[in-house]
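One structure is given below, encoded as structure tokens.
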Amino acid sequence: MSDIKRYGAEGGVGQGRQHMPFSRAVEADGWLYVSGQVPMRDGELVGGTVTEQAHVAIGNVMAILAEAGYGPEHVVRCGVWLDDARDFYAFNSVFKHYFGEHPPARACVENRMVVDCKVEVDCVAWKRPPR
């Protein structure tokens, strides 16, 4: 029996209904690694401003955390990729909405995205494993 639990290991559906060959998250020894989330619903990207897209991307992260029994208070680090550095302050206000009470460590970089979106967010969370 493996001590590693994979969420969504069967792969999700990405843009154009393409099969995604990775897990949404992987849990091991109290650690949860959440794959990068873009503003996608039902396999389709959501357009709009960085604020609108950030709510969807972080909402996806929160849904995965909840599925695994974690919450924002368990997040120790986030990685953020922005398509345009000028969106930094707008993104921060959305980020604070979700993590204001429990701010994690974070890296934020400007990056050209693999899909046509303005933001991607991943995270690492931890909570004491049950004994």
Practice task
Check off (1) over 13 Å from Glu120 (Cα atoms); (2) under 13 Å from the mean Cα position of the chain (by Cα); (3) not hydroxyl-bearing (Ser, Thr, Tyr) for Gly69 and give me the number that stays unchecked.
Solution key: (2)
Problem - Of all residues in the range 72-109 being in contact with a Ser or Thr (Cβ under 8 Å, 6 or more places away or on another chain) and within 15 Å of Glu120 (Cα to Cα), the one that is surrounded by the fewest Cβ atoms within 10 Å (Cβ to Cβ) - result: Ala90
Practice task
Identify the single condition in (1) under 18 Å from Arg6 (Cα atoms); (2) among the β-branched types (Val, Ile, Thr); (3) out of contact with any strand residue (DSSP E or B) (no Cβ under 6 Å at 6 or more places or on another chain) that Val124 does not satisfy, given that it satisfies every other one.
Solution key: (3)
Fill in the blank from the handout: Only unsatisfied item for Gly69, checking (1) more than 26 Å from Asp3 (Cα to Cα); (2) open to solvent by 30 Å² or more (accessible area, probe 1.4 Å); (3) without any contact (Cβ under 8 Å) to a residue 60 or more places away in the chain, is (1)
Handout entry: Matching residues, the range 62-121, being hydrophobic (A, V, I, L, M, F, W, C) and in a strand (DSSP E or B)
Key = Val75, Val76, Cys78, Val80, Trp81, Leu82, Ala105, Ala107, Cys108, Val109, Val119, Val121
Exercise for the section: For residues that are polar (S, T, N, Q) and out of contact with any strand residue (DSSP E or B) (no Cβ under 9 Å at 6 or more places or on another chain), tally how many sit in the range 63-118. Expected result: 1
Problem - Any pair with Cβ under 9 angstrom, 6 or more apart, that starts in the range 35-64 at a residue that is open to solvent by 30 Å² or more (accessible area, probe 1.4 Å) and ends at one that is of a type in the set (Asp, Glu) and in a loop (DSSP other than H, G, I, E, B) - result: Leu45/Asp116; Gly47/Asp116
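The values are calculated or read from the model by the stated rules, or taken from the named source; none is laboratory data. Please read these numbers as outputs of a predicted model, since none were measured by experiment. Cβ coordinates were reconstructed from backbone atoms using ideal geometry, including for glycine residues, and neighbour counts include every protein chain displayed. Ligands, DNA and RNA are stripped out before the accessible areas are found, and what is left, the full protein with its side chains, is counted by its heavy atoms. Shrake-Rupley method; radii C 1.70, N 1.55, O 1.52, S 1.80 Å.
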